[in-house]
């Protein structure tokens, strides 16, 4: 396997890893928000700003997902930039 091909595969694996790490946070944030909004009353410890906590969890989970997708889609372009001076 040539170095460019190996780098392409490794970058795609890194992208898949970032997606795999972002999915649980995304699910946790969405399910937490749904549970919070479906409750008819707020627990004694919850304040009205508690709802924003779940949105922040969703946003923080979207960053690795977006970066992972960008790495997978742009892996060939990135490999060409990294290995622009290297001959096949």
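Tell me which residues, restricted to segment 1-16, are over 18 Å from residue 84 (Cβ atoms) and more than 24 Å from the chain's Cα centre (by Cα). If you could, list the steps in order and put the result at the bottom.
Within segment 1-16, the first condition is being over 18 Å from residue 84 (Cβ atoms), and the residues that meet it are 1, 9, 12-16.
Listed by number, the list holds a single entry, 1.
Pick from segment 39-58 the residues that are exposed (fewer than 13 other Cβ atoms within 10 Å of the Cβ) and either closer than 19 Å to residue 24 by Cα or under 19 Å from the mean Cα position of the chain (by Cα) (or both): which of them is modelled with the highest pLDDT?
Once the filter is applied, the top-ranked residue is 56.
Scan segment 1-17 for residues that are over 12 Å from residue 75 (Cβ atoms) and either at pLDDT 95 or above or outside any helix (DSSP H, G or I) (or both) and report the count.
The number of residues fulfilling the criteria is 3.
Answer yes or no: is there a residue in segment 31-38 that is within 22 Å of the chain's Cα centre (by Cα), loosely packed, with under 15 Cβ neighbours inside 10 Å, modelled with pLDDT of 85 or more and more than 30 Å from residue 2 (Cβ to Cβ).
Checked against the condition, which is being within 22 Å of the chain's Cα centre (by Cα), loosely packed, with under 15 Cβ neighbours inside 10 Å, modelled with pLDDT of 85 or more and more than 30 Å from residue 2 (Cβ to Cβ), segment 31-38 yields at least one hit.
Six or more apart or on different chains, Cβ atoms under 6 Å: show the pairs whose first residue is in segment 59-78 and farther than 20 Å from residue 31 by Cβ and whose second is at pLDDT 95 or above and not in a helix (DSSP H, G or I).
Short answer, once both residue conditions are applied: none.
The values are calculated or read from the model by the stated rules, or taken from the named source; none is laboratory data. Fair warning: this is a prediction, and the values are worked out from it, not measured in the lab. As a convention, Cβ positions derive from the backbone with ideal geometry for all residues, glycine included, and neighbour counts pool all protein chains shown.
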